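Here is the structure we will look at.
The values are calculated or read from the model by the stated rules, or taken from the named source; none is laboratory data. Just so we're clear, the structure is a prediction, and the values are computed from it rather than from any experiment. With ideal geometry, Cβ positions are generated from the backbone for all residues, glycine too; neighbour counts draw on all protein chains shown.
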Amino acid sequence: MKELKVDEGERLLRIITLYNWILLVSLTVGALLIVGRSFGSGVFAGGLIVSTNFYFLHRTLKTALNPMRLLSPGVIMGKYYVRFLISAVVIYVLISEHYVDPLGLLLGLSIILISIPIGVFRR
């Protein structure tokens, strides 16, 4: 497997992020027009949750791998679990209070899984 240079890695991340936002907007608008408000809101909420997590994961890892400011594995894992817990609570509230359609939310949460292969193949 080819090792990525720092600039290539940042470029790939920007491409993935761009496709992530394009998919989020496209799928949300499509879901709102075709299926309805609850499903579209679920797609949007799920996409927003996963995009926010992806952004903060990138920031945490970038800071952690900076030779001038290395973070301990405990700090990295702590930040990961805090994000995970917050996401779980938000998802629980969205579903239990019937703010969004669970299948729409699942589709929204899957957006990053669609964006990564697209970004890798398009670079």
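Here the helices (runs of 4 or more DSSP H) wholly within the stretch 32-123 that include at least 3 residues being surrounded by 16 or more Cβ atoms within 10 Å (Cβ to Cβ) and free of Cβ contacts under 8 Å to residues at least 60 places away in the same chain are 37-64, 73-96. One residue alone among LEU13, LEU27, LEU23 is aliphatic (A, V, I, L, M) and surrounded by fewer than 20 Cβ atoms within 10 Å (Cβ to Cβ), and that residue is LEU13. Checking ILE111, ILE95 one by one, the residue that is within 22 Å of THR17 (Cβ to Cβ), under 19 Å from the mean Cα position of the chain (by Cα), among the aliphatic types (A, V, I, L, M) and modelled with pLDDT of 85 or more is ILE111 and no other.
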